[in-house]
């Protein structure tokens, strides 16, 4: 099935429009026309509706039986038509926004929004591609054993901006816990040093409210990576508009709020115990004694889109990912070691040392 995409185009010159990170504007890269995101969404609402209604199914394969796609393959791959140049593009079933590989136009896929919740809020990109490239180069700096493929300038420029689906949970919590606290007292005599440890049992309880506890809603995104680039400043959330997706990749959720709830429960529990523990002060050591009692009352749940810069490079059949928070610039990544470089570099100091050792021995012997 070939979908018709929606590409925001400049009303003055017809060039593609992209959302400008750090601003509430959509900017034409050709004539520099600036448009308000909300106004642009209203302008193109009719185009989105028309694109959704007029999408027609096309033949996806030849008639030969061995050339037919399986049902599983059909479900995994989706075909859409670029509204700017007419090219047919293949994308993942969860992709909501992409760019045409032929003409470079940013494209929204309106039918991907069907049958799913509309995001309530979004954090627009604050960090530009230049910021992301600079952060990536700094991340690579000093990594002498990094494979050369990672430092290639063309590869670095392939870093992509993506809006990732998130669920934001509110909750009120009543918590109580007992902590074991220890304080050491040291006495010194002429013969020995005596350390006396006094142990205390400290009980703490309280109520607390949590707002916008995040959990990403994409199976493709590594949860550890996403938590590592937190926190996002959720005070900067604004009402969602598809115009903010222009010029960026965007994913829709394939993990719903109900499936994310156990993960949120764990995060809330850990945070509640940590808050109680922070009130146990004035001791050398403290630890949770037994199990904490946590009672959680669920509040509102919001569907949000948050900005991430991402680059994944495969090396020896293993993926290595770099991510940057598109709002704050916080980075995380994993890097491999070039084994050939690892064997080569220890030889360099040895080669330098040999002549020095030769002249030192010659000087001593005379």
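Laboratory data are not the source of any read-out in this text; all were calculated from the coordinates shown. Everything numeric in this text was worked out from a predicted model, so none of it was measured. Backbone-built Cβ (ideal geometry, glycine too); neighbour counts: all protein chains shown.
Per residue, what volume in Å³ does the Cα convex hull of the stretch 160-335 take up?
188
How far is it, in nm, from the label point at residue 227 to the one at residue 314 when both lie 7 Å from their Cα along the line to the Cβ?
2.9
Taking the Cα atoms of the stretch 135-259 alone, what are Rg (to one decimal) and Dmax (as a whole number) in Å?
24.9, 78
In what sequence, highest mean first, do 250-262, 269-281, 123-135 appear when ranked by Cβ atoms within 10 angstrom?
Answer by packing, highest mean first, reads 123-135, 250-262, 269-281.
Would you mind computing Rg(Cα) / (2.2 N^0.38 Å) for the stretch 190-285, counting N as its residues?
1.73
Send over the Kirkwood Rh of the stretch 128-207, from the inverse of the averaged 1/r over different Cα pairs, rounded to one decimal Å.
Kirkwood radius, the stretch 128-207: 19.7 Å.
Ordered by packing density, taken as the mean number of other Cβ atoms within 10 Å over each peptide's residues, highest first, how do 153-163, 186-196, 171-181 rank?
Per-residue Cβ counts within 10 Å, averaged per peptide and sorted highest first, yield 171-181, 153-163, 186-196.
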